[in-house]
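The values are calculated or read from the model by the stated rules, or taken from the named source; none is laboratory data. All of these numbers come straight from a predicted model, not from anything done at the bench. Positions of Cβ are backbone-derived with ideal geometry, glycine not excepted, and every protein chain shown enters the neighbour counts.
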Amino acid sequence: MDKCIACGTCAEKCPRKVTDEYNAGLGKRKAAYVKFPQAVPLKYVIDKDHCIYFEKGKCRACEKFCPTQAVNFDDQDREFTLEVGSVILAPGFEPFDPGVYDTYSYSHPNVITSMEFERILSSSGPFEGHLVRPSDHQEPKKIAWLQCVGSRDIHHCDNGYCSGVCCMYAIKEAAIAKEHAGADLNTAIFFMDMRTPGKDFDKYYERAKAEKGVRFIRSRVHSIEPLPGTDDLAIQYVTEDGRITEEVFNLVVLSVGLQISKDTLELAEKLGVEIGDGRFAATSPFQPVQTSRTGIYVCGVFQSPKDIPLSVMEASAAAAESATLLAPARNSLTRKPPELSEKDVAAQEPRVGVFVCHCGVNIAGVVDVEAVADYAETLPGVAYVERNLFTCAQDTQDKMKQIIEEHNLNRIVVAACSPRTHEALFQETLKQAGLNKYLFEMANIRNQGSWVHMNEPEAATEKAKDLVRMAVAKVALQQPLGEMQLGVTKSALVVGGGIAGMTAALTLADQGYPVTLVERKDVLGGHGRKLYSTWDGQPVAPFLDELIKRVEAHPEITVLTKARITDVQGFVGNFHTVLDVDGQRREVDHGVAVIAVGAHSLKPDEYGYGKSDRIFLNLDLDQAIGERDERIVTARSAVFIQCVGSREPDRPYCSRVCCSHSIENALRLKKLNPDMDVYVLYRDIRTFGLRENLYKEARARGVLFIRFDLENKPVVQVASDGTLKVTVKDHVLQRPVVLTPDILTLAGAIVMRESEADELAKMFKVPVNAEGFFLEAHAKLRPVDFATDGVFVAGLAHYPKPTEECIAQAKAAASRAATVLAKDSITAGGVVAVVNKDLCCGCQGCVQCCPFGAIDYLEREGKCEVNQALCKGCGTCAATCPSEAITLLGFSHLQLYAQIDEALSA
Amino acid sequence: MVNATRTASSNPIGSVLVVGGGIAGVQAALDLADTGYFVHLIEKTSAIGGAMSMLDKTFPTDDCAM
Amino acid sequence: MQNPFEPKILAFLCNWCSYAGADLAGVSRLQYPPNIRVVRVMCSGTVSPHHVIHAFQRGADGVLVAGCHIGDCHYLKGNYMTLKRMKFVQELIRFAGYNPERFRLEWISSAEGVKFAEVVRDFTEKVRSLGPAPSFEASPRLAMGL
């Protein structure tokens, strides 16, 4: 494996073609292959099950042609015995195999799974990103998606649960398909309930409907029939108002669900890990990543069906659990990375290497990359130019290192995508090659080139040349930058004493880090105090009491109630926060902060709320049922109205918990009095994941569900004698239904009070979104981090979510925070401002304008000086200085002027 | 109840086995490595990345999954 | 036949908001005219009047400076500095005999890919309608040594 240079000769020479699993069976690979071009590790392997040599005892073509003698046919499976402190199970899922749906014609080439469709859309897929159908490679004009294939289905399979991701990916696939094929592409999604209950998910759904024109058809399709004499497929379906309709599509995508594979179940059995509902690992909402076996944790889809951000969150939570369990052994087995030496190139003439990326067809499909590369060769200081299919690929990094050494390059320009996403990757390569990582520049010829000038290839090519010329001119003026190490205050500040805040505090404290827990109110518990039970019926109060007790008794946790943050100074590893604790000023030094300030329940201003004591919010109903309130006990009929204040034009998000909460309460009412008439008026029932069981049970117990539209909301009238009248238009009957419930429950939204969040956000320099929820660094991959280092988010402050997700997220935030606290020092320096004292006249304009107080005036010298530890590298001082005595390293005046000159020289 | 199943050893082993090299396994491994534990990350296929590496783009930001 | 006038537009975009907004415009495949050349700066507050004037001096037909919305600056108040400075720049350009519409200051967040594309489209058309900027030498006041 060490000898393989991933040249691909083995795959080229291998005579055996095999169905490619990576392309979901749509393409072919060889028996000697690499899984995908960006694979890590980037090593070719031989598929023993299909290799001709292993079948027939001869061939060995790959071995013969391999330039590095990396092929070893004698390699055997080897057994390893590892001694570990804990195990984290992240085995993932298998996409449901729709072959068992005998009426869906899955054997037809143009009936494909969503995974196959992903590969068709992908530029690294079987058709290089051209949207064509498998049968005749023609561009489809009409595509249908069928939802809930292998989900919410106990007839064809045993998957009663909702897979929780298919609605989102289907909308995404339809929207991207339209991007590929143009607005004329007809896309239809057949669904039962549209389940988009995550952060910003509903906005995407609404956009797909309104702007992209994706059709959404509420119907479960019975069968897909091939249309004789064509490659098309006919779908017959019943509309909501009962009409039978048929439509013909060129391609049908089955939105297959997620399920746990046999292998995983066998592994679980071997490990003694209990399996629960839906064949997912059994866990409790209060310990969402703890399996039935001590020391074994679970995350991702094996825990329950979920999307990427939740998987990432749980992964961090599982890491936190392991870290807590193994805290006494921290750093006992880790190895230090080797110190990389850096070549001194400061005095050398620039020898710039330029790497021009094709990004598959992303760039090369528009920009003439060959012309750009040829042009780069003519630029002053350029010593080497090459083009890469994917400059970011691991093999290109290895090659780049080699080239830097072979050609003695001392500056690198990559013309590709955005430095915001890829600068760090290439800088690491420079470091590996012994170059100071700042001797690097990117020319953004994709996001700000090929992608925005798709119809102007010539102009895009000219622009790319200009951008490369600017980058080369800038990097030639770049000098190596030094960095320094700053200490880390190994303690945390957790803001908010609800379930999320307390969980984060305990998780860090259990790892030995001191924590200050700040709560605005005079008691801990937050929103959790109002919760009756988790969705699966476990009482919250005993858990909360225990949690509060543990927090208050923990020697590493200082609880400050009636406390408010008034000022935050410093930066990752070195925060200094001022608090007002019941009128007293208090100061805390801490290395990290977790924001878990929670959210609020909306007090509705519609549906007669406040006009009758028989109109409840779910949280009030929880309490009333618990207390066997007279109004509940005597009620003969109950109505729930969903989406109160959620999914409205001015609050365009789903509050995620209300469907389950209402159905939970509907079931409790039914259990209290099985004869009670219980109605749930809803827009989409969003009982994602295993919560679907609740929905199933509710229907089985006779809870009636009536759907309404935003345009036809129910009308509530409170008569003078206090009777309630609810009128709603039934979509099946197509006429208004009048209900006269004894109790009415409104499923109100979860909202942020923006002023509160805003104030905190400003002090910690973190953003909030349009709805006032804190905005994480990356929606998928950094769900609990902020762009600002050392600050993390958990709980409702991030987005409405149920208890188990709050707990997982809090543990995740603690895990991410611990990655800072585990370090002894943090690197500073690099892009900071410096004063050329020869030019400084001591006017102190810079001292005034620095937002961070990082510049001091040295009385004795009459000059100014920058404190590099405090400097954040904005460069505001550099623009203020009348004599340009201050410059921002990496963005110096000379470099800016050079870029301007080059930009305008063409 | 909060820690009903945890019986922490005072002398544990400072390494963790992560089973599965998809996005969850990779994140768990990174966090643990960054907090001072040695990680064995095992993956059945020849490359890490799991299902996410097969996705074209991701919801709701349309970021490239790769 | 003479080529139609294609304006040269230089843009200074802050790393955290406007450059990210420009990236997002790309991710969203929003199309805009290719006349713009971007200089990435860490904060719009690092753009000095010298830089803007230098651009006009070197033949820019229009200059765009874009940063985070007021209140959203990654560096807290860098863009307040930008606001003050660019008001000054506007006056300076007018004084130098340039149409001040050749200069534009915009706040574009990392989520505003659409706005970025719109601003570029609009500004490009504006500058196109103004025609080529007078050369540096043609502006006696600038030539006097600004």
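A few points about this structure:
- Test: residue in the range A:226-246 that is of a type outside the set (Phe, Trp, Tyr) and within 14 Å of chain B (Cβ to nearest Cβ): no
- For the range A:366-386, the candidate set comprises residues that are touching a Gly at 6+ places or on another chain (Cβ under 9 Å) and in a loop (DSSP other than H, G, I, E, B); within that set, the residue that is surrounded by the most Cβ atoms within 10 Å (Cβ to Cβ) is A:Val367.
Here is a yes/no grid of residues against (1) surrounded by fewer than 20 Cβ atoms within 10 Å (Cβ to Cβ); (2) not in a loop (DSSP other than H, G, I, E, B):
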position	(1), (2)
A:Leu265	yes, yes
A:Ala315	no, yes
A:Ala318	no, yes
A:Thr324	no, yes
A:Ala346	yes, no
A:Val361	yes, no
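- Any hit, the range A:207-216, residues being modelled with pLDDT of 95 or more, more than 30 Å from C:Val114 (Cβ to Cβ), surrounded by 15 or more Cβ atoms within 10 Å (Cβ to Cβ) and more than 14 Å from chain B (Cβ to nearest Cβ): no
Results for (1) among the aromatic types (Phe, Trp, Tyr); (2) under 23 Å from A:Leu486 (Cα atoms); (3) more than 9 Å from chain C (Cβ to nearest Cβ); (4) in contact with a Ser or Thr (Cβ under 6 Å, 6 or more places away or on another chain), shown as yes or no for each residue.
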| residue | (1), (2), (3), (4) |
| --- | --- |
| A:Phe852 | yes, yes, no, no |
| A:Asn867 | no, yes, yes, no |
| A:Cys874 | no, yes, no, no |
| A:Ile886 | no, no, yes, no |
| A:Ser905 | no, no, no, no |
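- Evaluation of A:Phe54 against the conditions (1) on the phi < 0 side of the Ramachandran plot; (2) away from chain B (no Cβ under 14 Å); (3) of a type outside the set (A, V, I, L, M); (4) not in a helix (DSSP H, G or I) shows that the sole unmet condition is (4).
- Looking only at residues in the range A:768-796 that are within 14 Å of chain B (Cβ to nearest Cβ) and assigned to a strand (DSSP E or B), the one that is surrounded by the fewest Cβ atoms within 10 Å (Cβ to Cβ) is A:His778.
- Annotation note: of A:Asp758, A:Asp675, A:Asp684, A:Asp721, the sole residue that is assigned to a loop (DSSP other than H, G, I, E, B) and without any contact (Cβ under 8 Å) to a residue 24 or more places away in the chain is A:Asp721.
- For the range A:81-106, a residue qualifies if it is without any contact (Cβ under 8 Å) to a residue 40 or more places away in the chain, more than 14 Å from chain B (Cβ to nearest Cβ) and in a loop (DSSP other than H, G, I, E, B), and exactly one does: A:Asp102.
- Every condition in (1) surrounded by fewer than 19 Cβ atoms within 10 Å (Cβ to Cβ); (2) in contact with a Ser or Thr (Cβ under 9 Å, 6 or more places away or on another chain); (3) aliphatic (A, V, I, L, M) is met by A:Val18 except one, and the failing one is (2).
- Residue check for A:Leu254: in a strand (DSSP E or B), within 25 Å of the chain's Cα centre (by Cα) and under 19 Å from A:Cys162 (Cα atoms): yes
- Residue within the range A:476-488 that is away from chain C (no Cβ under 11 Å), surrounded by 20 or more Cβ atoms within 10 Å (Cβ to Cβ) and part of a helix (DSSP H, G or I) present: yes
- Counting the residues of the range A:804-834 that are surrounded by 23 or more Cβ atoms within 10 Å (Cβ to Cβ), at the interface with chain B (Cβ under 10 Å from one of its Cβ atoms) and either among the charged types (D, E, K, R) or touching a Lys or Arg at 6+ places or on another chain (Cβ under 6 Å) (or both) gives 2.
- If only residues of the range C:24-34 that are under 13 Å from C:Lys115 (Cβ atoms) and within 7 Å of another protein chain (Cβ to nearest Cβ) are counted, the one that is surrounded by the fewest Cβ atoms within 10 Å (Cβ to Cβ) is C:Leu30.
- Test: A:Asp202 is in contact (Cβ under 8 Å) with a residue 24 or more places away in the chain, surrounded by fewer than 22 Cβ atoms within 10 Å (Cβ to Cβ) and under 27 Å from A:Thr245 (Cα atoms): no
- Residue satisfying all of: in the range A:436-475; polar (S, T, N, Q) and buried (at least 20 other Cβ atoms within 10 Å of the Cβ); farthest from the other protein chains (Cβ to nearest Cβ) among these: A:Asn436
- Here A:Val132 meets each of (1) among the β-branched types (Val, Ile, Thr); (2) surrounded by fewer than 20 Cβ atoms within 10 Å (Cβ to Cβ); (3) closer than 29 Å to A:Cys4 by Cα with one exception, condition (3).
- Some residue of the range A:288-300 being more than 10 Å from every other protein chain (Cβ to nearest Cβ), surrounded by fewer than 24 Cβ atoms within 10 Å (Cβ to Cβ) and farther than 25 Å from A:Glu116 by Cα: no
- Boolean, A:Ala777 is of a type outside the set (Asp, Glu) and at pLDDT below 95: yes
- Selection within the range A:387-412 - part of a loop (DSSP other than H, G, I, E, B), under 35 Å from the mean Cα position of the chain (by Cα) and of a type outside the set (Val, Ile, Thr): A:Leu389, A:Phe390, A:Cys392, A:Ala393
- Lone qualifier among A:Val273, A:Val356 - being in contact (Cβ under 8 Å) with a residue 12 or more places away in the chain, away from every other protein chain (no Cβ under 12 Å) and either among the charged types (D, E, K, R) or not in a helix (DSSP H, G or I) (or both): A:Val356
- Some residue of the range A:334-343 being crowded, with 16+ Cβ neighbours inside 10 Å and without any contact (Cβ under 8 Å) to a residue 60 or more places away in the chain: yes
- Test: residue in the range A:562-585 that is part of a helix (DSSP H, G or I) and either within 14 Å of another protein chain (Cβ to nearest Cβ) or free of Cβ contacts under 8 Å to residues at least 60 places away in the same chain (or both): no
- Any hit, the range A:111-118, residues being surrounded by 15 or more Cβ atoms within 10 Å (Cβ to Cβ) and charged (D, E, K, R): yes
- Scan of the range B:19-53 for residues that are touching a Gly at 6+ places or on another chain (Cβ under 6 Å), facing another protein chain (nearest Cβ under 7 Å), more than 13 Å from A:Ala319 (Cβ to Cβ) and in a loop (DSSP other than H, G, I, E, B), ordered by number: B:Gly20, B:Gly22, B:Ile48
- Listed here are the strands (runs of 3 or more DSSP E) enclosed by the range A:175-232 that have at least 3 residues being out of contact with any helix residue (DSSP H, G or I) (no Cβ under 7 Å at 6 or more places or on another chain) and more than 22 Å from A:Ser660 (Cβ to Cβ): A:186-191, A:223-226.
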